[in-house]
Structures are given as structure tokens and as C-alpha cells.
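The values are calculated or read from the model by the stated rules, or taken from the named source; none is laboratory data. Predicted model, so just to flag it, every value in this text is computed and none were measured. Methodologically, a virtual Cβ is constructed for each residue, glycine included, from the backbone with ideal geometry; neighbour enumeration extends over all protein chains shown. Only protein heavy atoms, including side chains, enter the accessible area calculation; ligands, DNA and RNA are left aside. Shrake-Rupley method; radii C 1.70, N 1.55, O 1.52, S 1.80 Å.
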Amino acid sequence: HEKFYELYHLYTEKNMTIKEVGLVLGIAEQTVFQRIRRLGIPSIPQLKPTSIAKRRTDIVIPKEYTPRLAEFFGIMLGDGSLSHYQVVVTLGSKEERYVQYVAGLIHDLFRVRPKVGIRQTGFCDVYLGSLELTDWLRKEGLTHNKVLAQVDAPKWLFDKKEFLRGFLRGFFDTDGSVYKLRFGMQVAFTNFSKPLLGSSRRALLLLGYHPSKINSNRRIYLTRKTDLARFFKEIAPANLKHTDRFEKFMKQKRVVTEVDKR
């Protein structure tokens, strides 16, 4: 593939930075980054003399645990990924509003605004490069391959209920879904790490919910009407694709109820 060899030659063989490659090809840095990922070219920031992998002084590593940080960990454990020097959250093509929310959360936590890249498929990458940050996140339990490592939620999340609520918000926003049933609805958490699902179920139980056991599809559910109402009020998902869907189903239910009363 012509683009592959051109990019490989500039980035790997000539050891150019992403910025330098962009200048040569006449494209934006985020486009270079997206092509490198899409074409499977290994990132080698440690070899770049002026690359983003250099130790930076503008990143602020949190000194204490907070509900907002717990939410970020929920997001990372859902749709996040970690490389040697970069934090990436990949979101769907219909989640534009949530993309901006995640970018704002990262800026609020680490005092640096991440970049947003849009792939040809419409999917969005919210990404931030920092060796300090990725080193710290690994020490906190995140890993490059979450499924292979069967990653789990950090233990500190269970220190306070507000941490659990923050974590569940981030995790549901990224790995959650809302389903309509014949006689109601349910919310589900889906993930291929069994320890992570186990911790999510434990968190729900500690907060007074009634989750299902982990099923064969690597999911846990909430189905009780009281649980669903509490969940959207107390956990308060930030991803509007979930809240919009919940409100839509609730509206349909109210219409059916009104018809039945007649």
C-alpha cells in the first residue's frame, strides 16, 4: 500500500516526528496519528528527539482520589486504551456531545486539553500524550491489553460511595446500554474482563441496587423499575445517548399507560 510505505518511510526510517510528517505530507498532526494507528505502524516515541513523548511539565498528576477521577477510570476501563506514552478514549460516531464531555473531564483532571481526532469511519479519538501520565495510570492498575490482563477496578474506588457512583457513571457511559423489554426496560454493563464486571456488580450491590449475576455474554443487568429510576437519578450518566434512550422509553411507557387507562 503506497500510503503505508510513505508513512512508514517518513515516521520510522527517517525518524520524523508526527508534526514533521504532517508538514511533509501537508496534513494535520491528528490525521498522521490516525493513519499510523489505522495502518498498524508501531509508535516509537522514545526515539523521537522532539516528539510528544518528551517529559512534559504541563501535566498535573492528581494528588488525591476524587469522584471525577473515579469517573475517568470508569471511562478508561470501558473505552480507553493505554500505549507507552499516550492515553486514548475511542468513542462512537454518534457521541459528539460525549466526546466534548470527556475532553473537558481530562482537562479538568490533568490541566491539559487533549486533542480530538475523527477517523474516516466517524469514530472519535480523544487523546493525550504524556509519559508521566501513562506511567502513573499503570501504577494505578490500568494496562495496555485490558482483556488479556483481565483488568479490575482499582481498590480505592471502594473507599467511598461517591467514588463508586463516579466509576459506575464512567463505565456505564462507555460500556453500558439501555434496552427496551416487552414489559419494561433494563440497563446492562458489558465487558470481557470478568474481574471488572465482578467489581461493577459489587459496586451496585453496595449502593443498594439489585444487579443480575454475570451471564454467559459477559453482562450484568438492572431490571427493577425502582433500580432504573434511581440509577438515572443518582448515577446520572453523562452520555446523552443513554439518557435520551431512557427518556424515550419512559415517554413511550407513559403513552401506553394513558391509553390503557382509557
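Kirkwood radius for the stretch 1-154, taken over all pairs of different Cα atoms as the inverse mean of 1/r, rounds to 16.4 Å. Once you have a ≥ b ≥ c as the square roots of the Cα gyration tensor eigenvalues for the stretch 120-213, tell me rounded if a/c is under 1.5, and otherwise prolate or oblate according to whether a/b is larger than b/c. The shape class here is oblate.
Before rounding to the nearest 500, sum -39500 (n - 2.57) across all DSSP H runs of length at least 4 in the chain and divide by the residue total; then give [θ] at 222 nm in deg cm²/dmol. Could the numbers behind the result be given before it?
Values: 11 runs with 122 residues, N = 262.
That calculation yields -14000 deg cm²/dmol at 222 nm.
Compute a Gaussian network model of the chain, connecting alpha carbons closer than 10 Å, and tell me which residue from G166, G22, G208 fluctuates the most. Judging by the Gaussian network model, the answer is G208. Convex hull volume per residue, computed on the Cα atoms of the stretch 68-122, equals 87 Å³.
With the simple model of a label 7 Å out from the Cα in the direction of the Cβ, D244 to K63 spans 4.1 nm. Given +1 at the Cβ of Lys and Arg, -1 at the Cβ of Asp and Glu and no other charges, the dipole of the stretch 167-262 around its Cα centre is 300 debye to the nearest 20. Comparing L222, L206, L77 in a Gaussian network model of the chain, where Cα atoms under 10 Å apart are tied by springs, the biggest mean-square fluctuation is seen for L206. Percent of Cα pairs in the chain per distance bin of 5 Å, from zero to the largest separation: 1, 5, 12, 15, 16, 15, 11, 8, 6, 4, 3, 1, 1, 0, 0, 0.
For the stretch 67-92 versus the stretch 169-210, the spacing of their alpha-carbon centroids is 18 Å.
When the Cα positions of V87, F123, Y65 are compared along the charge dipole of the stretch 54-132, V87 comes out farthest toward the positive end, with charges on each C-beta of Lys, Arg, Asp and Glu.
Just the protein heavy atoms count here, and of the accessible area of the chain at 1.4 Å, carbon and sulfur take up 53 percent. Ordering T190, G208, Q150 by the projection of their Cα atoms onto the charge dipole of the chain, which places +1 on the Cβ of Lys and Arg and -1 on the Cβ of Asp and Glu, puts G208 at the extreme positive end. Placing a label point 7 Å from the Cα of E162 along the Cα-to-Cβ direction, the residues of the stretch 184-207 with a backbone N closer than 17 Å are 207.
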